[in-house]
1. Across segment 78-91, what is the number of residues that are in contact (Cβ under 8 Å) with a residue 24 or more places away in the chain and closer than 17 Å to residue 33 by Cβ?
2. With the requirement that a residue be surrounded by fewer than 13 Cβ atoms within 10 Å (Cβ to Cβ), in contact (Cβ under 8 Å) with a residue 24 or more places away in the chain and farther than 15 Å from residue 99 by Cβ, what does segment 25-48 give you?
3. Would you check which residues across segment 31-52 are in contact with an Asp or Glu (Cβ under 9 Å, 6 or more places away or on another chain) and of a type in the set (Lys, Arg) and list them?
4. Would you point out the residue of segment 40-96, among those that are in a helix (DSSP H, G or I) and of a type in the set (A, V, I, L, M), that is nearest to the chain's Cα centre (by Cα)?
5. Would you call residue 36 acidic (Asp, Glu), more than 12 Å from the chain's Cα centre (by Cα) and at pLDDT below 95?
6. Would you mention how many residues in segment 61-80 are under 14 Å from residue 96 (Cα atoms) and surrounded by 13 or more Cβ atoms within 10 Å (Cβ to Cβ)?
Amino acid sequence: MGNERINCLRKSIINRGMPILCQIIQELSFSRKLDEYSKVFDRMGDVHTGIDWLLCQNPIQGTEILTKYRIMKTTPIANTPSFWVLYSYSQEENTVRLLSIQVVDSEDKN
């Protein structure tokens with residue numbers, strides 16, 4: 001199918017039972033990079049959980065670019081750096097598509 005659907009309802013324990021806003025769809029390109037980074041950075045699981053949780057709650061969290069895409073920057077955790085996350089949000093389908101994840105360049109101050 002080329003992407004992995006993540007049902008946010010499985011994460012309801014994190015949300016303390018409040019309604020989940022949308023479904024996360026993880027594209028294959030995102031999944032592959034996430035797997036790569038998980039071999040290098042110990043806290044990638046926490047980063048991934050944070051991305052899913054935040055975007056389920058507030059899918060317009062990131063900055064809009066090129067009308068149909070959004071980008072957000074994660075917070076570093078211990079020795080795991082910040083990441084840029086490219087995604088799209090469809091209000092009509094109530095979904096977030098995680099498209100790409102890249103390490104933030106250490107010289108990037110934004």
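1. 5
2. Matches in segment 25-48: 42 only.
3. Of everything in segment 31-52, nothing turns out to be in contact with an Asp or Glu (Cβ under 9 Å, 6 or more places away or on another chain) and of a type in the set (Lys, Arg).
4. Looking at the filtered set, the residue picked out is 51.
5. So residue 36 fails the test.
6. Here the count works out to 6.
The values are calculated or read from the model by the stated rules, or taken from the named source; none is laboratory data. Model, not experiment: these values are computed from the prediction. Because the Cβ atoms are built from the backbone with ideal geometry, glycine has one as well, and the counts that use them run over all protein chains shown.
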